[in-house]
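The values are calculated or read from the model by the stated rules, or taken from the named source; none is laboratory data. Everything numeric in this text was worked out from a predicted model, so none of it was measured. Cβ: placed from backbone, ideal geometry, glycine included. Neighbour counts: every protein chain shown. When the accessible area is computed, the model is the full protein with side chains, heavy atoms only, and any ligands, DNA or RNA have been set aside. Shrake-Rupley method; radii C 1.70, N 1.55, O 1.52, S 1.80 Å.
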Amino acid sequence: MAAAFEKFCDNSPIWNDSLILNNSWPQFTDCFQETVLIWVPCGWLWVTLPFYIGYILSNQDGIPIPVNSFNLAKTFFSMFLFFLAVIDIIKDASDVNPKQDGSVDYVSGGILAASFLVTTILVQFERSRGFITSAILYIFWLLLFIAGIIPFYTRIITKEYENDLFRFVLYYIYFAFVFVELILHTFAESRTRRGYHEPGERQSSPETKASFPSQVTFSWINYLVLLGYRKSLEEEDLFELNPRDDSEKVVPEFEEAWNKALRKTKQINEEIERKYNLKKHYTGIFTNRAEEHHLRNEAKSSNASEKTPLLTEGSTSVEQGVSFKGTKDDAPKKKEASLLKVLFKTYGFTLLWSFVLKAVYDLLQFVSPILQSALIDFTQNRDSKPDWQGYVYAGGFFVIAMIMSCFYHYSFHISMTLGMRIKSALIAAIYKKALTISSEAKKQTTVGEIVNLMSVDCQRVQDVTGYLYMLWSSPLIISVALYMLYQSLGASVFAGLGVMILLMPLNAFIATKLRKYQMAQMKLKDQRIKLMNEVLNGIKVLKLYAWELSFQEKILAIRDQELTILRKSAYLNAVGTFAWTCAPYLVTLATFATYVLSSDDNYLDAQKAFVSLSLFNILRMPINLLPMIIPYCIQGWVSIGRLSKFLRSTDLDLDTVSHIDTVEAVVKIDNGTFRWDKTLPKPTLRNINIDITEGKLVAIVGQVGSGKSSLISSLLGELEKISGNINMKGSVAYVPQEAWIQNATVKDNILFGSRCKQKTYNRVLDACALKPDLDILPGGDLTEIGEKGINLSGGQKQRVSLARAVYSNADIYLLDDPLSAVDSHVGKHIFEKVIGHEGTLRKKTRLLVTHGVHWLPKTDLIIVMNEGEISEVGSYNELVSHDGKFAQFLKHYLTEGAGSEDDDDPEIQAVKSQILERLESVTGTSDFATSGDDERTSGKDSTVRKRKQSTDCVEKKKIPAEVNKLIDAEKAEVGTVKLAVFLEYAKAIGGITTLLIFLIYMGYQVASVYSSIWLSQWTDDPYLLNRTLSKTTKYQEKNDMYLGVYGGLGVAQAVIILIFALLCSTRMVAAARTLHAKMLYNILRSPMSFFDTTPSGRIVNRFSRDIEVIDNNLPSTFRVWMSCFFGVVSTFVVIAYSNPIFLVIVLPLGLLYWLVQRFYIRTSRQLKRIESTTRSPIYTHFSETITGASSIRAYGASERFIEESQTLVDRNLVIYFSANCANRWLGFRLEFLGNIIVLAAAIFAVLATNLEGGLVGLSITYALQITMTLNWMVRMTSDLETNIVSVERVKEYSETPTEAAWNIPFRKPPRGWPDSGNIVFENLTTRYRPGLDMVLKGINCEVKAGEKIGIVGRTGAGKTSLSIVLFRLIEAVSGKIIIDGQHVADIGLHDLRSSITVLPQDPILFSGSMKMNLDPFNVYKENELWDALEHANLSKFVSEVPGKLEYEVGEGGQNLSVGQRQLVCLARTLLRKTKILVLDEATAAVDMETDDLIQQTIRTEFKDCTVLTIAHRLNTIMDYDRVMVLDNGVIKEFDQPDKLLNDKETTFHSMAKDAGLT
């Protein structure tokens, strides 16, 4: 074979060792040059060509690139090279003595010519398919160029030009053209952007316009790094996402795979169920026959009679010796869809590709120790080796290291961008699932928990994707390293292997425990975030009740459990750090000791020692990373399990409501039975039958908890359908009982994604009575509404919600009590202009839940609900014509009601009189009065709450645009992370402890470095070099001394690192506790203005993601950073010690390193900060979406909201992607500097003729580490800055301004204060925030003890401001409030707030027991709680639910009706029963009877108390002692209502006149 090949090569061997190695220059054989150097580059092209053509053809999105000078040049030079190759073949054929056997020249020339022809065609083919760069062609030209260098110098040295000038010239023309092609392929084609470039539009991702070399070296992001160096980057400076990473492409791919897995699992489970049922069926038949046979035998053997039991006790088939399976315990286990499998199926190929690149990098690592061995051998035998070999070895270090850098960074880039795509897909899946999750499944997961899945778990899965390669890479590196060590040291390596194997069970134990702790910690984290979310949602109530401390303790109790687990994890991590930091050294020590003691001459030479040490250093990285990677993978595994469980949870049944257009009825339910909760004894709705034709107005009435809202929800498909059918013909608009408002402008809330038709829009505003409100808002309809509508009153929110429905122009309108939150005259206006038979919706089908009896005569049909069933259905006339439940209910209400706010309207009074007349004729009684209530609404629209924007603009005036902005964009710090942030973390750890941690690790590093120096001294000891003395005692003693000291240094390292690990781990847990506690302490003490202007998602983000970083990421990052930092310093020290001339390049390289680092750091730091600020809106939008999920589904807007969420995610990922690429940019360049250090160390070793082998080995060993250490140093420095930003963000919220002290020990009010309830306002002025106008302007008045005061006034008069300044939710600017002789500003806030009682307008409840909601501090006895519930008319309900007082209230009280929530709030008020009671529109959401009950309870239970009632309807306060009329922040009138009514000049008289009372 070899002979034939030599003949093929014209009798030239392919390889000749002596020709290459024993020559003054590296000379290769002619055969090698004519085969290998041509076949390898061309082989690359031909092998990859079929795959590449397939890839090009599969790309359908490419836009052809126009023919231009650039692609023409590439084509021309390729064609020219083809002609040169053909000329060369012709020249061979025309030679005087041509080769007769068609030898290598023809074959190689043909291959080369064909390859050039293919490249010519490929250039144009790529152009036509829109490809701007080609990795295949670039690598081809690069290989061809590198291969051409050998013939290049060979032809010059052998002076070919003297014998064959033509070939000589032809080759150099060929080489020049190859070089030109390489340069041309270094650049990318310019591609025109699809479509038009809009002004202000972001540029497309520069990665898509980058050439292959630019992509590999990350040069395409140069411009961003430059820009970041010149200025602080802003979001607008960034580019679009690469289309590969865009959610438009990513999300559908994952969705398709996940839905396919769910369908497949469902089919498998159905098959399992079918087989099980079949088996059970036949088993049952057999069992029944056996039992029948057994009973017959018994009957025969006994005196059986008709009285004999058919089944006697104990008579089972077992007695017949037959046992059967198929019991409940044997039910088949259902298969579940695996998220992990779906992720691997979807993204496995990309992950595999990154693994291939990483595997190449891993294997290339082992080339350096081979070169090191050769270099040490060269330095020890200089005289017999040519100099060029030393320089080739030195250059080899650099070339191999550069190739490794390319492979490493590009593989990491692929895996990190893949992680980003997985995160995007998972967030989208969670978002969609949260929009479709069933009510049953929703009970298991709260908003806080789902936000946690998005913020923490998705991030963990993303992070673990970037490090997943370690699971196979570590074993690969360890295996290859051990093999090479075996080749060098023989069987001694098994001693080191034994040490590693002994450590494996410890690692397995740590991993198992860490996984267990991780799962426990995540559960506690969910609980904490859930509670935090509720606290933020109900913060106003907490402050009014002075309950912050109770909830602070609850949060801290969960946090303490979390920290206990963290502490246990920290101890395990400390042991892991100790074991795996010492492991490489112990392995080295065991191997060297065994080798020295077992070898014949007991000698360890420099070549063996330092090549082995280099291999051990390669081992060190995978071994050291394992303790960090295993917890990462465990966290990822746990997170995937949690995500998988949530994504598998049941959805709302989309088939619950059918939409058949052929049915005559627009809304139809046949025999419907529905439920919210499987645990309740009865379904929520039972035996529901409805048939509503087009254009009808249907009223739904009933008491609190009777099922009115549930009926509406069932029509929306929100309840689980047990039986029956629902059909809705046409589109739906829904107005929920609690208005759902987006954090957007008023206009955006009304349009709700529809195109604005100005005329229609204006008509809707008029019909919904919104124009007067818009006139007083700062920016009109462009005013931004705060989170949850914070700067609108209840009535305004409800009318915006109604306007949204009206504007949508749907076919069916489901109106869940929209009139409860508005004044009577506004309600009348809305009914007439919108809902009624003359209104905008007169031709639409309307279902109206209402408590207003006066609307009922104007409806077409009335549905009466009672305990989940329809008790009566009919027109108004039908229902009042017979003495049924409806008639009795109306009569009871109208005869015993205590005076209605709606009696303000004479027309309504007339309607009620008519109703009573009809009732009298039906029931035959006449004991009625005309002073009854109708709907107890609170008129929330007349109070513009909390925010100054709604009260300081009564006059119409032009306001600057920035005033319209309520929620400021989240602040991102700029510039360097301040030293104060690092000091804050150091302070949290402990100042002295931090210093001690650094000193201890420095001690470890000194011991580590000295052990390496000691090894070099050992191998270079001249006495030990004389092997003839190996049997002498002195030789043995010297060896033992070196070995003993080497071992002693190992023990010292072990002890030091254990102390370091324990100190570091435990103190960082303490730091996490401190930082969380400080932020929580400060947040709970922040004034209400902070919560009004800060979205809760932003605060939750601090408590979830940022605390997660401080808990888990920052400690490990800090430890690894310290290791890298001291590793870099020690490398420079060792190389300088080995070869002092190296110091010449240390300074310029250090300066260059510093410059590159500073150049990059500004960009990276700012990108990380912007990334944090763009993360919060994702969670804020998500929380907002979940709250309004039913509205979004009803309007069919799910897709639009999903797109909005994906846009927010993409916006965040652009910044993450840029930061990651900037990291790679820096890593590549710093590794280049590291590679120069390796090159310099190797060249200086070649130049220094007097250097010992041990010192050469030492310097190269440490130099080889520098590239990897610098690489990790870059990442860890960046990660440290990234993670320390979390401390910065937590620190920011730990230092926000707080309200006054809760308790002032030396200024406590007397016990029992206030004992009478006297209130004095002295010249009181206040405003919502500094810089805004006063909302109260000099209030002077006295409220006597026990007085009942009504506070009235038009919108913006200052009524709510007066009530909240009493509780000091906003502070007085000047003046005083004195209660029973005590100036309220002199005492603590809790002393004040716990001494006054409020019944607020928003019934806020918290998840937890009913008992906790009533009495969070556990200060009342159980009988007191039951008394309060009894008076609040809730005792019957609470006694019937499971657990009674321990009944679990859902998040926000979601499993109670709004009315029931208000009654729970009343029970709280009754428990406190202080001398002063403030009623703030407390009866908005309850029915007539419940309203009456609340009013009666307050009159009896608080008859001796001072009562301040904010009223919008005058009838409620006509029997009060005095009325305070406020106007524009001043008291206009303050007197008895009768006196004010009699004085025609008073504002009160004019208000009463407007209301029809005079």
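Over segment 651-758, how many pairs of lysines fall under 24 Å by alpha carbon, counting only those 8 or more apart in sequence or from different chains?
Lysine pairs satisfying the spacing and distance rule in segment 651-758 number 15.
What is the Cα centroid distance between segment 416-464 and segment 1279-1296, reported in whole angstrom?
Using only Cα atoms to place each centre, the spacing works out to 24 Å.
Quote the relative contact order of the chain in percent (integer), defining contacts as alpha-carbon pairs under 8 Å separated by 6+ residues. Show your work: numbers first, answer last.
Details: 2459 pairs, mean separation 175.5, N = 1558.
Averaging sequence separation for qualifying contacts and normalising by length gives 11 percent for the chain.
How far is the Cα center of segment 575-643 from the Cα center of segment 1187-1226, in Å?
Cα centroid of segment 575-643 versus Cα centroid of segment 1187-1226: 43 Å apart.
Tell me, what is the FRET efficiency for Phe982 and Leu1143 to the nearest 0.05, using R0 = 45 angstrom and their Cβ-Cβ distance as r? If you can, show how the numbers build up before the last one.
Working: r = 31 Å, r/R0 = 0.68.
That gives a FRET efficiency of 0.90.
Output the relative contact order of segment 730-862, whole-number percent, from Cα pairs under 8 angstrom with separation of 6+ residues. Before the final figure, lay out the partial values.
Values: 197 pairs, mean separation 45.0, N = 133.
In percent, rounded to a whole number, it is 34.
Under a plain spin-label model, where a point goes 7 Å from the Cα along Cα-to-Cβ, how far apart in nm are Glu1292 and Ile992?
Computed distance between label sites Glu1292 and Ile992 equals 3.5 nm.
Taking the solvent-accessible surface of protein heavy atoms with a 1.4 Å probe, what is the per residue accessible area of the chain in Å²? List each step's numbers first, then the result.
On the way: 63730 Å² over 1558 residues.
For the chain, the solvent-accessible area averages 41 Å² per residue.
Measuring from centroid to centroid over Cα atoms, what is the spacing of segment 647-687 and segment 1424-1438 in Å?
Centre-to-centre (Cα) distance: 33 Å.
Too long at a 22 Å Cα-Cα cut-off: which of Lys1344/Lys1473; Lys543/Lys1411; Lys1411/Lys1436; Lys260/Lys423; Lys543/Lys1359; Lys828/Lys1348? Provide the component values of the computation, followed by the final result.
Numbers: Lys1344/Lys1473 18 Å; Lys543/Lys1411 19 Å; Lys1411/Lys1436 15 Å; Lys260/Lys423 20 Å; Lys543/Lys1359 19 Å; Lys828/Lys1348 29 Å.
Distance filter (> 22 Å) returns Lys828/Lys1348.
Rounded to a whole number, what % of the accessible area of the chain do carbon and sulfur atoms account for, probe 1.4 Å? Walk me through the numbers on the way to the answer.
Values: 37090 of 63730 Å².
Using a 1.4 Å probe with all protein chains present, the chain comes out at 58 percent carbon and sulfur.
Straight-line reach from Lys231: which lysines have Cα under 23 Å away, leaving out those fewer than 8 places along the same chain?
Candidates past the 8-residue exclusion: Lys971, Lys978, Lys1168.
What 222 nm value per residue comes from the helices of the chain, counting each DSSP H run with n ≥ 4 as -39,500 (n - 2.57) and dividing by all residues, nearest 500 deg cm²/dmol? Walk me through the numbers on the way to the answer.
Values: 52 runs with 926 residues, N = 1558.
Mean residue ellipticity, 222 nm, calculated: -20000 deg cm²/dmol.
Largest first, how would Ser820, Ser1550 line up by accessible area (1.4 Å probe)?
On the way: Ser820 5, Ser1550 45 Å².
Correct descending sequence by accessible area is Ser1550, Ser820.
Once you have the Cα-Cα distance between Asp651 and Val399, take 0.36 nm times their residue separation minus that, and quote the gain in nm to one decimal.
Working: separation 252, 0.36 × 252 = 90.72 nm, distance 5.72 nm.
The span from Asp651 to Val399 would gain 85.0 nm if fully extended.
Straight-line reach from Lys1308: which lysines fall under 18 Å, measuring Cα to Cα and dropping same-chain residues less than 8 apart?
Those lysines meeting the cut-off are Lys1376, Lys1475.
Length gain on complete extension for the stretch Glu1371 to Asn877, per 0.36 nm per residue less the alpha carbon to alpha carbon distance? Can you show the working numbers first?
Details: separation 494, 0.36 × 494 = 177.84 nm, distance 5.52 nm.
Net length gain for the segment: 172.3 nm.
With a 1.4 Å probe and all protein chains kept in place, how much accessible area does His1549 have, in Å² rounded to the nearest 10?
30 Å²
Please compute the modelled spin-label separation between Ile722 and Lys1034, points set 7 Å along Cα→Cβ, answer in nm with one decimal.
It works out to 10.1 nm between the two label points.
Taking the Cα centre of segment 706-774 as origin, work out the dipole magnitude from +1 charges on Lys and Arg Cβ and -1 charges on Asp and Glu Cβ, in debye rounded to 20. Provide the component values of the computation, followed by the final result.
Numbers: 9 positive and 6 negative charges, 84 e Å.
Charge dipole of segment 706-774: 400 debye, to the nearest 20.
To the nearest 10 degrees, how steep is helix 135-157 against the longest Cα principal axis of the chain, on a 0 to 90 scale?
Its long axis makes an angle of about 20 degrees.
Please list, ordered by chain and number, the residues whose modelled amide H lies under 5 Å from the amide H of Val1373; skip anything fewer than 5 residues away on the same chain.
Thr1325, Thr1326, Arg1327
Taking 0.36 nm per residue of separation and subtracting the Cα-Cα distance, what length does fully extending Glu240 through Phe125 add?
Details: separation 115, 0.36 × 115 = 41.40 nm, distance 2.77 nm.
Between Glu240 and Phe125, full extension yields 38.6 nm more.
Can you tell me which lysines have their Cα less than 28 Å from the Cα of Lys568? Leave out same-chain residues fewer than eight positions away.
Lys513, Lys516, Lys523, Lys525, Lys530, Lys554, Lys645, Lys987, Lys1078, Lys1291
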